[in-house]
Amino acid sequence: MIKLSLLISIIFQIFLFASCTSYRLGNNKPVKFESIESISVPIIKSNITKPRLQTLVTNSIIKSIQEKGAYKIKKENDSDASLYGKIISIDRKQLRANRENVLRTTEMEFTIELEYEIINNSNGVTIAKGTTKGKSSSYLNANFQLTENHSLRNAADQLAISLANILSEGY
């Protein structure tokens, strides 16, 4: 009876420890980013004439990378890699219209699309490149500019979260 309970206990422990064999403590960076410990984020470039959008997107990206904790933010000369980006487009789309007047918008969706490239600072090789989007929707107030600025800030935050996920988790 004792041997049977000992055998069951050993089998249980084998299955228990085998289920945790692929788990690693600490950061689980993608393979292509394993050698990178720090990253620099210069001001994002843009051909779009929207005041302060470049700074807004850059600050959102830096904040999201710091919140993820996978990389340290450093100056370009001191970092392992640099993240360069360019705002490709800002799209505005009507989601809802007024019932009495279909030309009058009540809710809009704002989308920011960013093209990024991550370059290794030691040898100049491109590690990754691609595009990512951030979307935000909001109901329009009487002050359209204020609504647009808040929505673009939210879209920039969503874009930054998406980019930080790509850097720290690979997707």
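Structure above, values below:
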read-out: Within the accessible area of the chain (1.4 Å probe), percent carbon and sulfur; value: 53
read-out: Karplus-derived 3J(HN,Hα), 6.51/-1.76/1.60, for each residue of the range 134-144, Hz, glycine and proline x; value: x, 10, 8, 10, 7, 7, 7, 9, 5, 8, 5
read-out: Listed residues Ser5, Ser162, Ser82 arranged by accessible area, highest first, probe 1.4 Å; value: Ser5, Ser162, Ser82
read-out: Within the range 31-113, GluC sites (Glu not before Pro) in DSSP loop having at most 11 other beta-carbon neighbours inside 10 Å; value: Glu34, Glu100
read-out: Whole-number percent relative contact order across the chain, with pairs defined as alpha carbons under 8 Å at least 6 apart; value: 22
read-out: Largest-first principal axis extents of the Cα set of the chain (Å); value: 82, 50, 20
read-out: Rounded accessible area per residue of the chain, 1.4 Å, Å²; value: 66
read-out: For the chain, the longest site-free run once trypsin sites (Lys or Arg not before Pro) in DSSP loop states with at most 12 other Cβ atoms within 10 Å are removed; value: 105-171
read-out: The range 65-131 - percent relative contact order, Cα under 8 Å, separation 6 or more; value: 30
read-out: Cut-off under 5 Å, modelled amide H: who pairs with Ser89 long-range; value: Glu113
read-out: With all protein chains modelled, accessible area of Val31 [1.4 Å, Å²]; value: 120
read-out: Relative contact order (%) - the range 106-171, alpha-carbon pairs under 8 angstrom, separation at least six; value: 34
read-out: Cβ-based net charge around Gly69, under 13 Å, with every Lys or Arg adding one and every Asp or Glu removing one; value: +1
read-out: The range 86-141: chymotrypsin sites (Phe, Trp or Tyr not before Pro) in DSSP coil with no more than 14 other Cβ atoms inside 10 Å; value: none
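The values are calculated or read from the model by the stated rules, or taken from the named source; none is laboratory data. Being a predicted model, the structure only gives us computed values, none of them experimental. Ideal geometry is used to build each Cβ from the backbone, glycine not excepted, and the neighbour counts take in all protein chains shown. Please note that ligands, DNA and RNA were not included when accessible areas were found on the heavy atoms of the full protein model with its side chains. Shrake-Rupley method; radii C 1.70, N 1.55, O 1.52, S 1.80 Å.
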